[in-house]
Amino acid sequence: MAAAAVRAAKQSLRREIKRRVAALSEPEKQRQSQAVCQKLLSHPKYLSSQRVAVFLSMDDEVRTDSILTHMFASGKSCFIPRYERSSSHMDMLRLTSEADIHNLPLTSWNIRQPGEEELREEALETGGLDLILMPGLGFDVSGRRLGRGKGFYDTYLERCMAHPRGKPYTIALAYREQMCEQVPVDQRDVLIDEVLYEDQKETL
């Protein structure tokens, strides 16, 4: 598939998934989020990971509040993204407590993240990461991921690969409505190790 065709296919799929997720009620988002978070909290990779990066969820993403609560309760080191608006650069910065979240400034994207001048531990400058919980708009069962088009996570994973610890395990958290038959990708897109979502079969 030519690059322009991949770009067009991604744009079309982004619109379709946004429409599907927007149709979900708030209680349904909470219900599916709870099911996905339960899967994660009992996942061997999560349980054995000490240094974990997690996203602070936006309105169209699986809610991660209960994961953050669990991480601090179980003594894990928690890192969250700080996106640079003018580029595809992102850092994963240490969060000291759940209360710390409420003091973070809101960006124009309505995401809380540490301010640009704020000095915090960056995961790759210290011990690297064991696990990254990945957001995204769409996923397929083969681990292909459709992001929002900025390339933040793909660029960050490339940096992880150059770190002595190597690439961390990656788990995406998804609503059922974000699962696709096949996500179009190009050579820059990094595959996810695993996608957690509430499977249709489980609810029958």
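The values are calculated or read from the model by the stated rules, or taken from the named source; none is laboratory data. Just so we're clear, the structure is a prediction, and the values are computed from it rather than from any experiment. Heads up, the Cβs are rebuilt from the backbone with ideal geometry, glycines too, and the neighbour counts pull from every protein chain shown. Calculation scope for accessible area: heavy atoms of the full protein, side chains included, ligands and nucleic acids excluded. Shrake-Rupley method; radii C 1.70, N 1.55, O 1.52, S 1.80 Å.
Dipole size in debye (nearest 20) for the chain around its Cα centre, Lys and Arg Cβ +1, Asp and Glu Cβ -1?
Values: 29 positive and 30 negative charges, 86 e Å.
Here the size comes out at about 420 debye.
Taking R0 as 25 Å, what's the FRET efficiency between ARG94 and GLN30 from their Cβ-Cβ distance, rounded to 0.05?
Working: r = 28 Å, r/R0 = 1.12.
E(calc), rounded to 0.05, equals 0.35.
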For TYR46, TYR83, TYR169, write out the residues from largest to smallest accessible area, computed with a 1.4 angstrom probe and no ligands counted.
-> TYR169, TYR83, TYR46
List, in order, the whole-Hz ³J(HN,Hα) value for each residue of the range 105-111 obtained from phi through the Karplus relation with A = 6.51, B = -1.76, C = 1.60 and θ = phi - 60°; use x for Gly and Pro.
-> x, 8, 8, 5, 8, 6, 10
Extension reserve of the GLU122-ILE101 stretch, reckoned as 0.36 nm per residue once the Cα distance is removed = 5.9 nm
Could you give me the radius of gyration and the Dmax of the chain, taking only the C-alpha atoms into account and expressing both in angstrom?
-> 16.4, 50
Roughly how many Å² is the accessible area per residue of the range 125-204, as a whole number, for a 1.4 Å probe?
-> 46 Å²
THR107 accessible area, 1.4 Å probe, all protein chains in place, Å² to nearest 10 | 40 Å²
How high is the relative contact order of the chain, in percent, with contacts defined as C-alpha pairs under 8 Å that are six or more residues apart?
-> 24 percent
Just the number, please: Stokes-Einstein D of the range 87-204 in µm²/s, Kirkwood Rh from C-alpha pairs, 4 °C, 1.567 mPa s.
-> 81 µm²/s
Count of lysine pairs in the chain with Cα separation under 21 Å (8 or more residues apart, or interchain) = 12
Name the shape class, rounded, prolate or oblate, that the alpha-carbon gyration tensor gives for the range 1-119, where a ≥ b ≥ c are the square roots of its eigenvalues, rounded holds for a/c under 1.5, and otherwise prolate holds if a/b is larger than b/c and oblate otherwise.
-> oblate
Among ASP130, ASP193, ASP100: highest mean-square fluctuation, GNM of the chain, C-alpha pairs under 10 Å = ASP100
